[in-house]
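Encoded as structure tokens, the structure appears first; notes follow it.
Read the figures in this text as sums done on the coordinates, not as results from a lab. What you are looking at is a predicted structure, and each value in this text was computed from that prediction instead of being measured. Quick reminder, even Gly has a Cβ in these numbers, built from the backbone with ideal geometry, and neighbours come from all protein chains shown.
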Amino acid sequence: FEGINTVAVELVFQDLENPIISKKIIDDLHEKGLLIWVNALTLSDSIILSAKIDDDTAIAHDGESWGKLVSIGFDIIQTDWPLLLYQYLV
């Protein structure tokens, strides 16, 4: 759309085999100067936003799932636990 400056895109994926989170797609988006956002909120068992690599899993496993999201290449992680995410990252 003309006049819209897209700076970030949200990727939603139900499993880790989804091509939307392939290294090629992640690299292509970064090469275009876009930030990549993932939603790590745990909404319910039936609404899966990030292959169940979410806040609940992070809390239960010392932040491990947040690390997986970072290793995939996400720049922005939406979480209900920003302090815990920050502490995990630093």
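Conditions (1) within 18 Å of Ile20 (Cβ to Cβ); (2) part of a strand (DSSP E or B); (3) in contact (Cβ under 8 Å) with a residue 60 or more places away in the chain; (4) among the polar types (S, T, N, Q), marked per residue:
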position	(1), (2), (3), (4)
Thr42	no, no, no, yes
Ile47	yes, no, no, no
Lys52	yes, no, no, no
Gly67	no, no, no, no
Ser71	yes, no, no, yes
Ile77	yes, yes, no, no
Leu84	no, no, no, no
Gln87	no, no, no, yes
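For the range 16-75, the tally of residues that are over 18 Å from Tyr86 (Cβ atoms), loosely packed, with under 15 Cβ neighbours inside 10 Å and either within 10 Å of the chain's Cα centre (by Cα) or of a type in the set (S, T, N, Q) (or both) stands at 4. Taken as a whole, the structure places Asp28 among residues that are part of a helix (DSSP H, G or I), charged (D, E, K, R) and closer than 25 Å to Asn5 by Cβ.
Every test in (1) buried (at least 16 other Cβ atoms within 10 Å of the Cβ); (2) of a type in the set (Gly, Ala, Ser); (3) in contact with a Leu (Cβ under 6 Å, 6 or more places away or on another chain) is passed by Ala8 save one, and that test is (1).
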